[in-house]
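Down below is the structure, laid out as structure tokens.
The values are calculated or read from the model by the stated rules, or taken from the named source; none is laboratory data. Keep in mind it's a predicted model, so treat the numbers as computed, not measured. Here the Cβ positions follow ideal geometry from the backbone for every residue, glycine too, while neighbour counts run over all protein chains shown. In case anyone asks, the SASA skips ligands and DNA or RNA and just uses the protein heavy atoms, side chains included. Shrake-Rupley method; radii C 1.70, N 1.55, O 1.52, S 1.80 Å.
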Amino acid sequence: MSDPAIELNCVTLKLGARRVLDSVSFVINKGEFIGVLGPNGAGKTTLMRMLLGLSPLARGRIRIFKKPVTPGNTAIGYMPQVRNTSIARHLSARDFIACAIDGNRWGITLSRRKKRKTVDDVLAIVGALSLADRPFVELSGGERQRLLLAQCLLGQPELLLLDEPLISLDLKHQACVVELVKRVQRKLGITVLFSAHELNPLLHVIDRVLYLGNGLAELGTVDEVITPQVLSRLYSGAPIDVIRLAGRIFVMFGGVEIEKCPHLHDYTCGYNDQHRIGS
Ligand SMILES: Nc1ncnc2c1ncn2[C@@H]1O[C@H](COP(=O)(O)OP(=O)(O)OP(=O)(O)O)[C@@H](O)[C@H]1O
Ligand SMILES: [Mg+2]
């Protein structure tokens, strides 16, 4: 029988007037690589913050590795969507990662030797030892993502929450980051939630997809979730087409690819209301 990593049972989460999750239930198993998708504002970031104990529930129950959610859970490594790397501009890559060791999260100070070994261990896992002495400011976007991933691995987490690690990377660097996360996940046998705006860069690495929208969450294989019926529900009843071409999948609304057009996200999210108003 599979071993649960994350269990949500009838979870409702409200932010202000918005019901971001409305009685959502699913189980993610240990060792799964989950692609988290959904339009802007669907709740991808909120879901991750909720698992970190930073967004309280209105209703329902969450268990992570069979325990209740607690803030500061060292079993979780988190790469936030908004990353403040300005502090790192004058640091070497090694010092940038070392900064996180003395943060509040661990609450202990390691000896210099131990700290260096800890940092070098995570740098080795992400294949970035050669970057250790380079100034952070000189590194490319892809190389910085590599270091941010190394930082997430510091506490030897069993669950990685990566919020939009592909943001502002070109296609080549996106592919490198996806391969790297997959390699690390396999090597360490950990569970990964990887949010993104596009499904295609993740298609070949994910076990299942968690698609959020309209307060709902659908978890399943790509074939189960990426269908016009399921996606139409998540996009507030808007008519969605799914086109498969040369191993890629395109989610379309009115002949336009939905992932490429943020304004379509907004439109489809209010589809029911607008439809009612217009009819
Ligand atoms: N503190 C808050 N108070 C009220 N509403 C909030 C708050 N934080 C987020 N929201 C709203 O909750 C919804 C979910 O936001 P969230 O950031 O989780 O979406 P997302 O799926 O990560 O979007 P994106 O793709 O743009 O990153 C949005 O409508 C957002 O405006
Ligand atoms: Mg987000």
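Structural remarks
- Selected residue [of a type in the set (A, V, I, L, M, F, W, C), surrounded by fewer than 19 Cβ atoms within 10 Å (Cβ to Cβ) and either closer than 22 Å to His90 by Cα or in contact (Cβ under 8 Å) with a residue 40 or more places away in the chain (or both)] from Ile206, Ile125: Ile125
Rundown of residues vs (1) near ligand 1 (Cβ under 9 Å from one of its atoms); (2) surrounded by 17 or more Cβ atoms within 10 Å (Cβ to Cβ); (3) within 14 Å of Gly215 (Cα to Cα); (4) more than 18 Å from the chain's Cα centre (by Cα), yes/no style:
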residue	(1), (2), (3), (4)
Val11	no, yes, yes, yes
Arg19	no, no, yes, yes
Asn29	no, no, no, no
Gly35	no, yes, no, no
Pro39	yes, yes, yes, no
Lys44	yes, yes, yes, no
Leu47	yes, yes, yes, no
Ser55	yes, yes, no, no
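- For the range 5-43, a tally of residues being within 27 Å of Lys260 (Cβ to Cβ), within 16 Å of ligand 2 (Cβ to nearest atom) and not small (Gly, Ala, Ser) returns 9.
- Entirely in the range 109-228, the strands (runs of 3 or more DSSP E) that have 1 or more residues that are farther than 24 Å from Pro4 by Cα and out of contact with any helix residue (DSSP H, G or I) (no Cβ under 8 Å at 6 or more places or on another chain): none
- Restricting attention to the range 57-79, the residues that are within 14 Å of ligand 2 (Cβ to nearest atom) and either open to solvent by less than 30 Å² (accessible area, probe 1.4 Å) or without any contact (Cβ under 8 Å) to a residue 40 or more places away in the chain (or both) total 1.
- Top-ranked residue in the range 156-177 [being farther than 21 Å from Thr45 by Cα, modelled with pLDDT under 90 and not aliphatic (A, V, I, L, M); ranked as most open to solvent (accessible area, probe 1.4 Å)]: Lys172
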